[in-house]
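Worksheet for the structure shown next.
The values are calculated or read from the model by the stated rules, or taken from the named source; none is laboratory data. Since we're looking at a predicted model, the values are computed, not measured. Neighbour counts are summed over all protein chains in view; Cβ atoms, including those assigned to glycine, are modelled from backbone coordinates with ideal geometry. For the accessible areas, the whole protein counts, side chains as well, though only heavy atoms, and no ligand, DNA or RNA atoms are used. Shrake-Rupley method; radii C 1.70, N 1.55, O 1.52, S 1.80 Å.
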Amino acid sequence: MNKDRKLIIAGNWKMNKTVAEALDLVNGLKRELAAVKEVDIVVCPPFTALDAVSKAVLDSNIRLGAQNMSEHNVGAFTGEIAAVMLKEFSVRYVILGHSERRQYQHESDALIARKAACAHVAALKPIVCVGESLAEREGNLTEKVLETQVRGSLAGLTKEQMEETVIAYEPVWAIGTGKTATTAQAQAAHAFIRSVLAKMFDEATAKQVRIQYGGSVKPTNARELMEQPDVDGALVGGASLEVRSFTDIIKNSI
Ligand code: PGA
């Protein structure tokens, strides 16, 4: 597939995998994906497996991501993890504002923007998630919700920081449900998000930013999604937990 922007496919392992299970998975991925150069491959294990997975992916084409981080750099924040602590494990990416955190931890756009700023200070690339609920889609509010989330969660970033930020468009109704957005729905949302970026920054910056699709991505639908002009990769949950399915998603996307 020939696009100006390099595809980035990330596995969001969520709260799955002990250290031993994480090593099994990542070692399998290393074996299967060693020859892939066309795609940036990222795995996002839980914090407890970062150390082991970090050592396992040294000298490989697999990059490491975390699933969340604090909006503070240091101090009395029990249970939180700072960007510099992630850097110690060679983490390059961090998922911010996943819909599960927006829903269960009540993360706001403003909080996500503060986290994104912290990530950039530590030279971590944020993967900022946005997406509408089913009620919002059915109420014709998709564009309004996406514009609010994109403007709010990326507020204050410089153009240079924006170019180093990945956006994941994840319609909430498609996450873990087996329902995927149609290719037309995905393309329309991605093009809309890019148009918002052009208004916030400029056309050139908007063209640089990679926008992933997420929500029930599988080996069977990956290719048609990646063929859409504004879809630059995938954020994969369930299907990233097995060597075969994650490998097939990547190979089918090339
Ligand atoms: P899913 O999850 O692939 O299991 O739908 C995607 C995500 O939540 O990032």
The residue that is nearest to Val172 (Cα to Cα), considering only those in the stretch 69-101 that are free of Cβ contacts under 8 Å to residues at least 24 places away in the same chain and of a type in the set (D, E, K, R), is Glu80
Matching residues in the stretch 18-64 (charged (D, E, K, R), out of contact with any Ser or Thr (no Cβ under 9 Å at 6 or more places or on another chain) and part of a loop (DSSP other than H, G, I, E, B)) number 2
query = Hey, does the stretch 157-170 have a residue that's crowded, with 16+ Cβ neighbours inside 10 Å and touching an Asp or Glu at 6+ places or on another chain (Cβ under 6 Å)?
reply = no
Residue hits (the stretch 97-118; in contact with a helix residue (DSSP H, G or I) (Cβ under 7 Å, 6 or more places away or on another chain) and farther than 14 Å from Gln149 by Cβ) are Cys118
The condition of being open to solvent by less than 30 Å² (accessible area, probe 1.4 Å), at pLDDT below 95, out of contact with any Leu (no Cβ under 6 Å at 6 or more places or on another chain) and not acidic (Asp, Glu) holds, among Ala239, Ala181, only for Ala181
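Give the residue, chosen from Val74, Val43, Val39, that is open to solvent by 10 Å² or more (accessible area, probe 1.4 Å) and among the aliphatic types (A, V, I, L, M).
Details: Val43 fails: open to solvent by 10 Å² or more (accessible area, probe 1.4 Å); Val39 fails: open to solvent by 10 Å² or more (accessible area, probe 1.4 Å).
Only one candidate qualifies: Val74.
Looking only at the stretch 110-133, filter to residues that are among the small types (Gly, Ala, Ser) and within 16 Å of the ligand (Cβ to nearest atom); which one of those is surrounded by the most Cβ atoms within 10 Å (Cβ to Cβ)? Can you show your working first?
Of the residues in the stretch 110-133, the ones among the small types (Gly, Ala, Ser) are 110, 113, 116-117, 119, 122-123, 131, 133.
With within 16 Å of the ligand (Cβ to nearest atom) added as a condition, the list becomes 131, 133.
Numbers: Gly131: 27, Ser133: 16.
Here the residue is Gly131.
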If you go through Glu143, Glu136, Glu80, the only one that is crowded, with 17+ Cβ neighbours inside 10 Å and more than 14 Å from the chain's Cα centre (by Cα) is Glu136
In the set Leu58, Leu23, Leu29, the lone residue that is hydrophobic (A, V, I, L, M, F, W, C) and either within 16 Å of the ligand (Cβ to nearest atom) or buried (at least 20 other Cβ atoms within 10 Å of the Cβ) (or both) is Leu29
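Would a scan of the stretch 81-94 turn up a residue that is farther than 18 Å from Arg151 by Cβ and within 16 Å of the ligand (Cβ to nearest atom)? Break it down into steps so the answer makes sense when it comes.
Keep residues of the stretch 81-94 that are farther than 18 Å from Arg151 by Cβ, which gives 81-94.
So of that shortlist, the ones also within 16 Å of the ligand (Cβ to nearest atom) come out as 93-94.
Yes, the stretch 81-94 contains at least one residue that is farther than 18 Å from Arg151 by Cβ and within 16 Å of the ligand (Cβ to nearest atom).
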